[in-house]
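One structure is given here, and the rest of the page talks about it.
The values are calculated or read from the model by the stated rules, or taken from the named source; none is laboratory data. Values in this document were obtained by computation on a predicted structure and should not be read as measured data. Neighbour counts run over all protein chains shown; Cβ positions are idealised from the backbone, glycine included.
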Amino acid sequence: MTGIGQVAAVLPERQRVERERPFWQALAAAHGWARVVDAGCGGGFHRRLLTALGVEVVAFDRALAPLVQQRPGPLLAADLTAPPLRAASFDAAFCLGNTLSLLPDRSMQRRALAALGELLKPGGTLVLQAEDASITVEAGAKVRTRALPDGRIHVRAYERHGNRIHMLVGIVAPGDDAPLETVRLLPTSASQIATLARSLGLAPVPLRPPATGAVGTWWLALRAGA
């Protein structure tokens, strides 16, 4: 199986839901979220989680393949830098996973932040999460594996190529050959994104993230001007 969104869609969810539900439930309750946008929704994990908590979620992703696997609902095929949504109409937006790191350079990341910030109501919150892949490969190339309930193995391999990190991702059966998709990531840290956000009037605010064991993973919350 290829396609990073398709891979994400078949990963087991139960433990992840148990780990992240208190985090999202607390955020939604504290800020009175009624309507949010999931930018780069991929396999739809967070859309399903927030919907189960009673929050209306409008989700979009540039790739159509991940959307096909999701349940009916407000789903759009749209670019991160130009979502076709009404400005100032959401209590919050979130952009998670490697979505920001998939953009080619800082200027495109800034455009994406600006576009997401425009969707927020005054005082709305933008929640970001990503992995700084440069930390992952700090000591050289690295492979991560995870056993799946059906006996297959989820594989991610990381290696630096110039100013990019190549991530090979896929799901394989033990002893079998299988194609892996190559994803090119722009090394991206929370401080780099916070600097871009400040130039757009988005101010970092305190956020206690859910527990994660992944090296290099970071979370960042930004507040739109009131």
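Below, the figures for the structure above:
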item: Boolean, residue 136 is under 26 Å from residue 23 (Cα atoms) and either at pLDDT below 90 or not assigned by TED's automatic domain parsing to the domain that holds residue 89 (or both); result: yes
item: Set 34, 26, 88, 78: member being surrounded by fewer than 15 Cβ atoms within 10 Å (Cβ to Cβ), without any contact (Cβ under 8 Å) to a residue 24 or more places away in the chain and more than 21 Å from residue 192 (Cα to Cα); result: 26
item: Any strands (runs of 3 or more DSSP E) falling wholly within the stretch 129-226 and containing at least 3 residues that are touching a residue at least 40 places away in the same chain (Cβ under 8 Å); result: 164-172, 181-185, 217-223
item: All positions within the stretch 204-214 that are over 14 Å from residue 96 (Cα atoms) and surrounded by 14 or more Cβ atoms within 10 Å (Cβ to Cβ); result: 204, 207
item: Any hit, the stretch 98-115, residues being modelled with pLDDT under 90 and in contact with a strand residue (DSSP E or B) (Cβ under 7 Å, 6 or more places away or on another chain); result: yes
item: Qualifying residues in the stretch 68-95 (those that are among the charged types (D, E, K, R) and part of a loop (DSSP other than H, G, I, E, B)) - the one modelled with the lowest pLDDT; result: 71
item: When residues of the stretch 1-42 are limited to those that are in a loop (DSSP other than H, G, I, E, B) and modelled with pLDDT of 90 or more, the one nearest to residue 97 (Cα to Cα); result: 40
item: Test: residue in the stretch 169-192 that is of a type in the set (Gly, Ala, Ser), under 18 Å from the mean Cα position of the chain (by Cα) and exposed (fewer than 14 other Cβ atoms within 10 Å of the Cβ); result: yes
item: So residue 193, is it outside the structural domain of residue 40 (by TED's automatic domain parsing) and either farther than 24 Å from residue 88 by Cα or touching a Leu at 6+ places or on another chain (Cβ under 9 Å) (or both); result: no
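Yes/no matrix, rows are residues, columns are (1) in the same structural domain as residue 108 (by TED's automatic domain parsing); (2) modelled with pLDDT under 90; (3) among the charged types (D, E, K, R):
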| site | (1), (2), (3) |
| --- | --- |
| 142 | no, no, yes |
| 147 | no, yes, no |
| 154 | no, yes, no |
| 158 | no, no, no |
| 161 | no, no, no |
| 168 | no, no, no |
| 178 | no, yes, no |
